[in-house]
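Enquirer: Take this structure first; my questions come after.
Please treat every number below as a calculation from the coordinates, not as lab data. All figures in this text were calculated on a predicted structure; none of them were measured in a lab. Here the Cβ positions follow ideal geometry from the backbone for every residue, glycine too, while neighbour counts run over all protein chains shown.
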Amino acid sequence: MVKRKLLAARVDLADKISEIASRKGTLYDYVNDVLEQAIRAEELGVTLKKVLDDRWLIKSARDAGFIMVPEKIFYDLTEDACKNIGKERLRKLWYETGEWYGKYYDDLDRFVDAVRKYFWDVLELTLSEEGEIVSLTCLSSKFSEVYTELFSNFLEGALDALEYSLEESEVSKGIIRMRFVKSKGE
Amino acid sequence: MMSRDDSREKKLIRAPADLVAKLNEAANREGKTFYSYVSEVLEQAVRAYEMGRSLKEIIDVYEILEVHRDAGTTAAPRDVLDYLIKTAYGKNSENLEKLWYQSGRWYGVYFKERFKDSVDGFVRLLRDGRLGIDQVIMKNDDGMIELRCVSAFLSQERTLLMGNFIEGAMHSLGYKTKEREFFRGIIRLTFYSEHSSSSKQS
């Protein structure tokens, strides 16, 4: 016989849980399952809230056409392509891909948020806005020199699609600093 | 099962004592009162229900997200990835297939170490969609596993590479390839376990 204890819960929550449980089976079994999952989340080092908050991440990344690939493979493919077909074509490809994502997200903050959430190899991406000027800093300890440059083209393409023109940029291995100005609509 | 507490704002819910003890420890670790910790847990259970999912399903998905993080993956825009693969594949298909196979081997070892049911964990990884596969059907018959993966957006080259990735993982999980069939967007692989009776028959 399993030993049982009583948990004090907020009335509104207890009622809601009771209502959900009635559709699934017994209250005891449902509460048991909920508590087991809370402990499982705890063992993964996160709270249930974070698990639920991050849930949309997977679906939205998939919808946006991102594929997870080991960093090493992706960087090596990029370096090889650069040697074989030249940097210019890749720069264009990354720029155009950035343009697509700029149009897809259609909002600067949403785009920056997506980059922060999906590109785990980006250590930091900061955005600051001052009137018409937008400054973007992207740091990664993993990017190669070539990959940093291509990633800057990606960011430039996205911001261009969001109607920000590049004014200044400083790109070196793992560091991208860019300054944009809001394009004046004709 | 549910009884009224003295306070009009609380109700008592019966739960297994061992789980209550573990939750109590968790609440202490987070510096929260047991009552507020339990409230948060129940709030999230209601939230999950309102999303049309169970907490288990949502944590299963999160667990796989953590696998991608641990594996050191990054997000690659699909068009860029396909272009890079197409460019490299013609000249160096063997090396690329080996790279994907080795990456699969790593995942296989990881699942073996971290998951109780490692094959189930790996299939969940394939199903979560982040590797670009839309549909995964698995048949498991006495140690013989058939995996059928389908995606309309999988290029010919990526189909072959994903096939190698899956083989690498399954080999690390203790399976050998029996049959393999790749067609653009469709991967069909059959594996057998060295320890199963069906492998003894074949």
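Enquirer: Ratio of Rg to Rh for segment B:2-83, alpha carbon only, Kirkwood? Write down the numbers at each step before the final one.
Expert: Values: Rg = 19.1 Å, Rh = 16.2 Å.
My calculation of the ratio gives 1.18.
Enquirer: Further question: Any idea what the relative contact order of chain A is, in percent, if you count C-alpha pairs under 8 Å spaced at least 6 apart?
Expert: This gives 18 percent for chain A.
Enquirer: In addition: Report the Cα-based extents of segment B:49-98 along its three principal axes, largest first, to the nearest Å.
Expert: 51, 21, 14
Enquirer: Just from the alpha-carbon atoms, what are the Rg and Dmax of segment A:96-178 in angstroms?
Expert: For segment A:96-178, the Cα radius of gyration and maximum Cα-Cα distance read 11.6, 33 Å.
Enquirer: Further question: Calculate the all-directions average of the projected area of segment A:11-53's alpha-carbon convex hull, and give it in nm². Could you put the intermediate results ahead of the total?
Expert: Details: hull surface 13.3 nm².
Computed as one quarter of the Cα hull surface, the answer is 3.3 nm².
Enquirer: How much FRET efficiency would the formula 1/(1 + (r/R0)^6) give for B:Phe34 and B:Asp70, where r is the Cβ-Cβ distance and R0 is 22 Å, rounded to 0.05?
Expert: Working from the Cβ atoms, E equals 0.10.
Enquirer: Can you compute the radius of gyration and Dmax for the protein assembly as shown, using only the Cα atoms, both in Å?
Expert: 24.7, 77
Enquirer: I'd like the FRET efficiency for B:Ala21 and A:Lys184, computed as 1/(1 + (r/R0)^6) with the beta carbon distance as r and R0 of 41 Å, rounded to 0.05.
Expert: For B:Ala21 and A:Lys184, the calculated efficiency is 0.05.
Enquirer: Which of the helices in chain B, when you take each full DSSP H run, stretch at least 30 Å along the axis at their Cα atoms and have an average Kyte-Doolittle score of -1.0 or higher?
Expert: Passing helices, by number: B:78-114.
Enquirer: On to the next question. Which order do the peptides B:32-38, A:124-130 come out in when sorted by mean C-beta neighbours inside 10 angstrom, highest first?
Expert: Peptide ranking by packing, descending: B:32-38, A:124-130.
Enquirer: Return the whole-Å distance between the Cα centroid of segment A:8-22 and the Cα centroid of segment B:51-78.
Expert: 29
Enquirer: Can you give the average number of partner chain beta-carbon atoms within 10 Å of each beta-carbon in peptide B:66-73, as a whole number?
Expert: For peptide B:66-73, the averaged partner shielding equals 4.
Enquirer: Something else about it: From the C-alpha gyration tensor of segment B:62-201, pull out the three semi-axes of the equivalent ellipsoid (sqrt of 5λ each), sorted largest to smallest, in whole Å.
Expert: Ellipsoid semi-axes (Å, largest first): 24, 18, 14.
Enquirer: Same structure again: What nm value, rounded to one decimal, do you get for the distance between A:Lys24 and A:Lys50 when each label is placed 7 Å out toward the C-beta?
Expert: The modelled label-to-label distance comes out at 2.3 nm.
Enquirer: 7 Å from Cα along Cα→Cβ at both B:Asn95 and B:Asp117: what's the point-to-point distance in nm?
Expert: Result: 4.1 nm between the two label points.
Enquirer: Mind checking which of B:Arg114, B:Arg53, B:Arg29 has the largest fluctuation in a GNM of chain B, springs on alpha carbons under 10 Å?
Expert: B:Arg29
Enquirer: Follow-up question, since we're still on this one. How many times 2.2 N^0.38 Å is the alpha carbon radius of gyration of segment A:1-143?
Expert: Rg over 2.2 N^0.38 Å, computed on Cα atoms: 1.60.
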